[in-house]
Amino acid sequence: MQEKTVQCIEIVKDKLIFKKVEAFLITNSVNVKYLTSFTGSYGMVFFNGKDQYFITDSRYILQARKEISNYKIIRQEDPLPETIKSLLDSTEIKCLGIEEEKLSYKNCKLLKEKLKGISLVDLEKIIEEIRLKKNEEEIRRIKKACREIQLAINEVLKFIKEDVLEVEIAAEIEYFLKKRGTGVAFDIIVASGVRSSFPHALASNRKIKNNDLLLIDAGACVEGYHSDITRTIILGNISKKKKEIYDVVKDAQEYALSIIKVGVRCNELDKKVREYIESRGYGKYFVHNLGHGVGLEVHEEPTIGIRTKDEVILEEGMVVTVEPGVYIPNLGGVRMENMVLVKEKGCEVLTKKLPLEIRL
């Protein structure tokens, strides 16, 4: 990933010039990992216009020297504001960019006190904008994470039967992944029966019953990159109403995949799929966004939602989820989620090894 690191450094420096900001302190741990490939839990990146520094404490100095190149590594011995002040004292910098949401109120206040004559400017989203498009190595890792979670769910399908607990299903998925040296991307969602109408219901001690809808939402983590997939499983013979909403969601998923391509606005994509579900009579039961980006974080930019303020346009190399759902209280819910890689003339479905419709 060294080539990516060098490219990112140059892109960040160009963005700083464009923003007319002379220095940038990056404290978002995910952005730090993206820029440096550092796997420890404490570190910051600092650009001063010409040089770039990686700042960490004594616990991670050896690890940083092993994992990081293209940065001057500094051991932090003083509070953060003091460290940054020492890096700026010999410069004529008058403007420092920060990630306001990821900088504590205390440190932000102390920076303002210590850095007399230097303005602090919020540069939130600068790195996130770079992260929108994945390079070949990132796509390789994401594809592997997608393969791993599909293998896990396929394996656990053999285990599912009446009276098995939801928590047992979640545990089997996690165990399968960990045995293969793969991490779990997030707390696994397993919801059966009426609980499937709760979009983010974590696994409970409820027993699986015949004629249930069983919703499983899970992901794997491979070399820092994530996957995210949802399937709703039909157990036995479900009611006509449940099958109706199942078919609506399945059709909505297929419709969404047919219109994804470079140049489509994220909010417009959500709008079209939402309108389709409304045309089938279930619009008010689709209660969340259509999708989101996936990479170093399970939920990252872009957001595919009708209320999205930033009208992000899909570009080649973006990896996003497509997850229409219908949730009816006291009946049940259905969600089908695929991950896709946006391409010039459509998209590549990364989770197609699991069919949309699964019956047990």
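Within segment 2-45, the set of residues being hydrophobic (A, V, I, L, M, F, W, C) and in contact with an Asp or Glu (Cβ under 8 Å, 6 or more places away or on another chain) comprises Leu16, Leu25, Ile26, Val30, Phe38. Scanning segment 53-72 for residues that are of a type in the set (A, V, I, L, M, F, W, C) and crowded, with 17+ Cβ neighbours inside 10 Å gives Phe54, Ile55, Ala64, Ile68.
The C-beta contact set for segment 156-174 (first residue within 12 Å of Ile233 (Cβ to Cβ), second residue among the aromatic types (Phe, Trp, Tyr) and surrounded by 15 or more Cβ atoms within 10 Å (Cβ to Cβ), distance under 9 angstrom, 6+ apart or interchain) comprises Val156/Phe176. Checked against the criterion of being in the same structural domain as Glu316 (by TED's automatic domain parsing), closer than 30 Å to Arg231 by Cβ and assigned to a loop (DSSP other than H, G, I, E, B), the candidates Glu162, Glu168 yield just one match: Glu162.
Highlighted here are the strands (runs of 3 or more DSSP E) found entirely within segment 30-143 that include at least 1 residues which are over 28 Å from the mean Cα position of the chain (by Cα) and farther than 16 Å from Val12 by Cβ: 72-75, 119-122. The residues on offer are Val298, Val320, Val273, and the sole one that is closer than 27 Å to Glu137 by Cβ and outside any loop (DSSP other than H, G, I, E, B) is Val320.
The values are calculated or read from the model by the stated rules, or taken from the named source; none is laboratory data. Predicted model only: the values in this text are computed from it and were never measured. When we count neighbours, we look across all protein chains shown, and the Cβ atoms used for this are built from the backbone with ideal geometry, even at glycine.
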